[in-house]
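Student: The structure under discussion is supplied below as structure tokens; questions concerning it will follow.
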Amino acid sequence: MRHPPRKAAQPASPPRVQRYLPGMPTTDDLRERRLGVVREHMESENVHEFDVTLATFSHPRYELIATGEIYDGPEEVADYYCKTRSIFPDQRNENTVLHVADDDAVIAEFDLLGTHEGELRGVPGTGRSFRCRMCAIFEFAAGTDRIVCERVYFDQMTIAQQLLGGEIPSP
């Protein structure tokens, strides 16, 4: 007597893992809050409300990759805001596009603009304006909507050529 072929054993369903504890925000909730925090951060920089900007951090930290400068802590970051706005009083960002990374980060692509009014690295203000496309990675403390670092990437030569004109050689 022939027996019907046996069906292959079905693998057991993996146990259902609760990814979030009750009261913990969902991934979508946290993503939206983080996007809102980055928007608030960038908008408050535009209008020079730096107390609002600083409040978007759990611990303020800027890393400017092109120059190697790091500003760590509330005092250093506040001094950075003061210094850069004395050089470029109208500094602002425009055309911002935000991307949410899978980990604890939001990536911002934007144009940074400003007029060179104060001394920058020994060069007196030229009165010239610049526009430079930039990328900033906003890192967040795990599971929160507070920024722990803004890491900014940009091309110094793009800015220098616009501020100094023909005074520097083209690359």
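Each value in this text was obtained by applying a stated rule to the coordinates, not by laboratory testing. In this text the structure is predicted, and so the values were computed from the model without any measurement. Reconstructed Cβ throughout: ideal geometry from the backbone, glycine too, with neighbour counts over all protein chains shown.
Student: Starting from region 39-99, pick out the GluC sites (Glu not before Pro) whose DSSP state is loop and whose Cβ has at most 15 other Cβ atoms within 10 Å.
Tutor: Those satisfying the criteria are GLU49.
Student: Another question, then. Report the net charge of residues surrounding LEU35, where surrounding means a beta-carbon distance below 12 angstrom and charges are Lys +1, Arg +1, Asp -1, Glu -1.
Tutor: Result for the neighbourhood of LEU35: -1.
Student: Lys/Arg Cβ at +1, Asp/Glu Cβ at -1, dipole of region 27-167 taken about the Cα centre: which of ALA141, THR56, VAL152 is farthest positive-ward?
Tutor: VAL152
Student: Quick one: pull the percentage of alpha-carbon pairs in region 27-167 with a separation above 23 Å.
Tutor: It works out to 32 percent of all Cα pairs.
Student: Along Cα→Cβ, 7 Å out, is where each label goes; now give me the distance between the ones at ARG31 and ASP51 in nm to one decimal.
Tutor: Going by the 7 Å Cα→Cβ label model, 3.5 nm.
Student: Using Cα pairs closer than 8 Å and at least 6 residues apart in sequence, work out the relative contact order for region 74-160, in percent.
Tutor: Relative contact order comes out at 22 percent.
Student: Under a 5 Å amide H to amide H cut-off, with H placed in plane at 1.01 Å, what residues pair with VAL148 once short-range neighbours are removed?
Tutor: Those lying under 5 Å, H to H, from VAL148 are SER58, GLU139, PHE140, ALA141.
Student: Continuing with this model, one more query. Within 10 Å of each candidate Cβ there may be at most 11 other Cβ atoms; applying that plus a DSSP loop requirement, which trypsin sites (Lys or Arg not before Pro) in region 97-146 survive?
Tutor: Answer in residue order: ARG121.
Student: In which sequence would THR144, THR56 go, from the one with the fewest C-beta neighbours within 10 Å to the one with the most?
Tutor: THR144, THR56
Student: Continuing with this model, one more query. Could you compute the net charge surrounding GLY118? Neighbours are other residues with a C-beta less than 10 Å from the C-beta of GLY118; K and R count +1, D and E count -1.
Tutor: 0
Student: Once the other residues with Cβ under 11 Å from the Cβ of ILE147 are scored (Lys, Arg +1; Asp, Glu -1), what is the net sum?
Tutor: It works out to a net charge of -1.
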